[in-house]
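Colleague: Mind having a look at this structure? Questions to follow.
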Amino acid sequence: MRRFQQIRDWSPGYINVCPQHVEIMAECTACGTVKEFDRRMLPASLQHALIKEIEMRLKCVCGAKAARLMFGHMVDGDAQ
């Protein structure tokens, strides 16, 4: 089973400088829902935005605007 391995204490600052091979997950800090974030779905006005600006605009299915973007890689379940 594959799972997400977060890169701790790392943020590229701007979404456009995040390497394409880095996976992005969005976590709702209100309800705990975690979903894959597809940077290709961002509107053109946010293609060069700060990560914090994007997080403020994300809305969870629970209705909260309390998202945090996490950066990392998908790894096999037995990898540490």
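Colleague: Please specify each residue of region 51-64 satisfying the condition of being assigned to a loop (DSSP other than H, G, I, E, B) and touching a strand residue (DSSP E or B) at 6+ places or on another chain (Cβ under 9 Å).
Modeller: Initial filter on region 51-64 (assigned to a loop (DSSP other than H, G, I, E, B)): 58-64.
Correct list: L58, K59, C60, V61, C62, A64.
Colleague: If I filter region 1-37 down to residues being of a type in the set (D, E) and part of a strand (DSSP E or B), which single residue comes out as farthest from V61 (Cα to Cα)?
Modeller: The qualifying residue farthest from V61 (Cα to Cα) is E23.
Colleague: Another question, then. Give region 38-50 a look and list any residue that's open to solvent by 60 Å² or more (accessible area, probe 1.4 Å) and assigned to a helix (DSSP H, G or I), or say none.
Modeller: R40, M41, A44, S45
Colleague: Hey, another quick one. List the number of the failed condition for V61; all other conditions in (1) surrounded by 12 or more Cβ atoms within 10 Å (Cβ to Cβ); (2) more than 14 Å from G13 (Cα to Cα) hold.
Modeller: If we test V61 against (1) surrounded by 12 or more Cβ atoms within 10 Å (Cβ to Cβ); (2) more than 14 Å from G13 (Cα to Cα), just (1) comes out false.
Colleague: Here's another thing I want to ask about it. Just checking, how many residues over region 14-37 are surrounded by 11 or more Cβ atoms within 10 Å (Cβ to Cβ) and not hydrophobic (A, V, I, L, M, F, W, C)?
Modeller: Let us first name the residues in region 14-37 that are surrounded by 11 or more Cβ atoms within 10 Å (Cβ to Cβ), namely 14-16, 18, 22-31, 33-35, 37.
Imposing the further condition that a residue be not hydrophobic (A, V, I, L, M, F, W, C) reduces the set to 14, 16, 23, 27, 29, 33, 35.
Number of matching residues: 7.
The values are calculated or read from the model by the stated rules, or taken from the named source; none is laboratory data. Since we're looking at a predicted model, the values are computed, not measured. Here the Cβ is made from the backbone with ideal geometry for all residues, glycine too, and neighbour counts use every protein chain on show. The protein model used for the area step is the full one, side chains on, heavy atoms only, and it has no ligands, DNA or RNA in it. Shrake-Rupley method; radii C 1.70, N 1.55, O 1.52, S 1.80 Å.
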